[in-house]
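For reference, the structure discussed in these notes is given below.
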Amino acid sequence: MKIFNITKPIAILATGLLILTSCENFLDVEPNSQVKGDELLSNESGFKEALAGVYISMISESTYAKELRFGMMGVMASEWDYYPSASYQDAVAFKYDQAIPKGMIDRIWRNMYNSIANVNNIIAQIDAQKNTFTNDNYNIIKGEAYGLRALLHFDLLRCFGVSYAVDSTKAAIPYCTALITGTFPQLKVNEVMAKVHEDLAIAEACLENDPIKTGEIIDESMDNGYLINRQTHFNYYAVKALQARAYLWAGNYEMANQCARVVTGSQAFSWTTQENLQNGVDNSFAPEHIFALNHEKLSNLADSYFNPEYLTSAFHSEEATIDALYGDLRSDDYRYTYNFEAGTGAYTSRRYTKKYGTPRDNPNSTDDNVTNMYYANKMPIMRLSEMYLIIAECEYQKQSFFTIDAINEVRKARGAKILTTDPADFYSVLIEEYQKEFLSEGIMFFLYKRLNQEYLPNNPESLHVTKGYTFPIPDSEKEAAIREENR
């Protein structure tokens, strides 16, 4: 399997020779393995490999496998009492000009634009090879590519563009739509958002017959099972979920509500069960994943960063912190009861999330191998519960009586006590639900940014948070092109 690794500054996306490496060590650049990009994308198999390469590139620890989840984002959102302090002490103080956070930010920029470059290569060549595809794979692969391009740009916008609550006309990022020799213009926040929706509209049209939407049963005999488990591909409902996120980011509550309800009303996703959480079969809430990345070394990640034996490298919190978060829900909330592991020895008061751990065998399954293949190695990017919380916020904004209904759907799924009256402070309750639900998933920092929260919980540096919400554009990008101040 091959992917492209673009090593030039992102402002200049050169065609010509693109570096290809094997999927096992795709970050290793091998100069003698250079071939022309169009040699790979000459048939359906090549496009499948190229798309798989994009997904692989997204599980870099610099982006979705760590820093955009429990690492940099989790630390800055004050999700942990303990973390590798030497790596994050400047980031948590929003000192982005210091060497370590500066390097992290640069790698986020480069890696995500590298993934975009590879997506653009697929999009640029797929129409010319349409006749080489079987079944509906041309539309499926094209739709996934456009959806991924929207996702990557949207998350770059959330990192490098100010929130709509600050100024939607502020300069933000380039939106790269082709592999060209030259420079893409730096767009304003609202202009980037318009491009995101353009790509999502194309993705939605292409994925109209996605099996996850039509309900078609796919087995191994059909194209070697290529369309099995659409949750780990950017599927039709991932499009709708990202539309909901994007509309909410821009304050378009009506459209966010509509898109989120398409997902919740689809019946394509189900809540994980108490039994599977209790037995350790499903640590990541797999049936609820709208879109997840398949990370075959996820257990290694858990061993490295959520292991009670590794105090200096692990991300974890005190028991008292977790107790305070769940409050009076501790007696019955499945997330509290089953999703944390206690420390060992003198550190039994510390708590480690189990979301990234290896699932156990399902004691009730007649085929544990199949069961474990489904539950293992999934790193969720969007989950069903987020859609219900989006609906709750949208209903609150239009002063609807459905506000607590949506929150209660999540609470009931977690075995927790439901709300019986509208909360006096809706956003306080909403934020607490997000905190309980999405610990370690990279959701909280962006929630605080969208709401332009003046203070972050347990962060003495919050006086600097308004500017700290937005990463500075890397120096390499400024050197390659004239860029306006984005903060």
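Given the options 300, 276, name the one that is in a helix (DSSP H, G or I) and either surrounded by 14 or more Cβ atoms within 10 Å (Cβ to Cβ) or in contact with a Pro (Cβ under 7 Å, 6 or more places away or on another chain) (or both). Please lay out each step first, then the result.
Details: 300 fails: either surrounded by 14 or more Cβ atoms within 10 Å (Cβ to Cβ) or in contact with a Pro (Cβ under 7 Å, 6 or more places away or on another chain) (or both).
It is 276.
Output the residue which, of all residues in the range 125-150 that are buried (at least 18 other Cβ atoms within 10 Å of the Cβ) and small (Gly, Ala, Ser), is farthest from the chain's Cα centre (by Cα).
For the range 125-150, the residue satisfying everything is 143.
Of the residues making up the range 172-197, those that are in a strand (DSSP E or B) and open to solvent by 10 Å² or more (accessible area, probe 1.4 Å) number 4.
Just one residue in the set 150, 145, 165, 178 is under 17 Å from residue 450 (Cα atoms) and of a type in the set (Gly, Ala, Ser); that residue is 165.
For the criterion of being basic (Lys, Arg) and in contact with a Phe, Trp or Tyr (Cβ under 7 Å, 6 or more places away or on another chain), residue 330 passes. Within the range 250-269, being free of Cβ contacts under 8 Å to residues at least 24 places away in the same chain and open to solvent by 40 Å² or more (accessible area, probe 1.4 Å) holds for 252, 255, 258, 265, 267. Restricting attention to the range 325-354, the residues that are open to solvent by 20 Å² or more (accessible area, probe 1.4 Å) and either out of contact with any strand residue (DSSP E or B) (no Cβ under 8 Å at 6 or more places or on another chain) or assigned to a loop (DSSP other than H, G, I, E, B) (or both) add up to 17. Selection of the range 285-295 for residues being open to solvent by less than 10 Å² (accessible area, probe 1.4 Å) and part of a loop (DSSP other than H, G, I, E, B) yields only 285.
Checking every residue in the range 431-452 against the condition of being open to solvent by less than 20 Å² (accessible area, probe 1.4 Å), at pLDDT below 95 and of a type in the set (S, T, N, Q) gives zero matches.
Does residue 204 satisfy the criteria of being surrounded by fewer than 17 Cβ atoms within 10 Å (Cβ to Cβ) and under 17 Å from residue 138 (Cβ atoms)?
Working: surrounded by fewer than 17 Cβ atoms within 10 Å (Cβ to Cβ): no; under 17 Å from residue 138 (Cβ atoms): yes.
So residue 204 fails the test.
Every test in (1) open to solvent by less than 50 Å² (accessible area, probe 1.4 Å); (2) free of Cβ contacts under 8 Å to residues at least 12 places away in the same chain is passed by residue 483 save one, and that test is (2).
Output the residues belonging to the range 113-136 that are in a helix (DSSP H, G or I) and in contact with a helix residue (DSSP H, G or I) (Cβ under 6 Å, 6 or more places away or on another chain). Selection gives 115, 116, 118, 119, 121, 122, 123, 126, 130, 132.
Quick one: would you say residue 45 is over 17 Å from residue 149 (Cα atoms), assigned to a helix (DSSP H, G or I), out of contact with any helix residue (DSSP H, G or I) (no Cβ under 6 Å at 6 or more places or on another chain) and small (Gly, Ala, Ser)? Working first, answer last.
Numbers: over 17 Å from residue 149 (Cα atoms): yes; assigned to a helix (DSSP H, G or I): yes; out of contact with any helix residue (DSSP H, G or I) (no Cβ under 6 Å at 6 or more places or on another chain): yes; small (Gly, Ala, Ser): yes.
Judged against the criteria, residue 45 is a match.
Test of understanding: among 365, 331, which residue is modelled with pLDDT under 90 and within 21 Å of residue 270 (Cα to Cα)? It would help to see each step written out before you state the result.
On the way: 331 fails: within 21 Å of residue 270 (Cα to Cα).
One residue alone meets the criteria, 365.
A Cβ distance below 6 Å, combined with a sequence gap of six or more or placement on separate chains, defines the contacts here; from the range 381-410, residues that are at pLDDT 95 or above and of a type in the set (S, T, N, Q) reach residues that are in a loop (DSSP other than H, G, I, E, B) and surrounded by fewer than 23 Cβ atoms within 10 Å (Cβ to Cβ) in the pairs 408/418; 408/419. Restricting attention to the range 218-239, the residues that are assigned to a loop (DSSP other than H, G, I, E, B), open to solvent by 20 Å² or more (accessible area, probe 1.4 Å) and of a type outside the set (A, V, I, L, M, F, W, C) add up to 6.
The values are calculated or read from the model by the stated rules, or taken from the named source; none is laboratory data. None of these values were measured; they are calculated from a predicted model. A quick note on method: Cβ atoms are made from the backbone with ideal geometry, for glycine too, and the neighbour counts reach across all protein chains shown. Areas reflect the complete protein model, heavy atoms only, side chains present, ligands, DNA and RNA absent. Shrake-Rupley method; radii C 1.70, N 1.55, O 1.52, S 1.80 Å.
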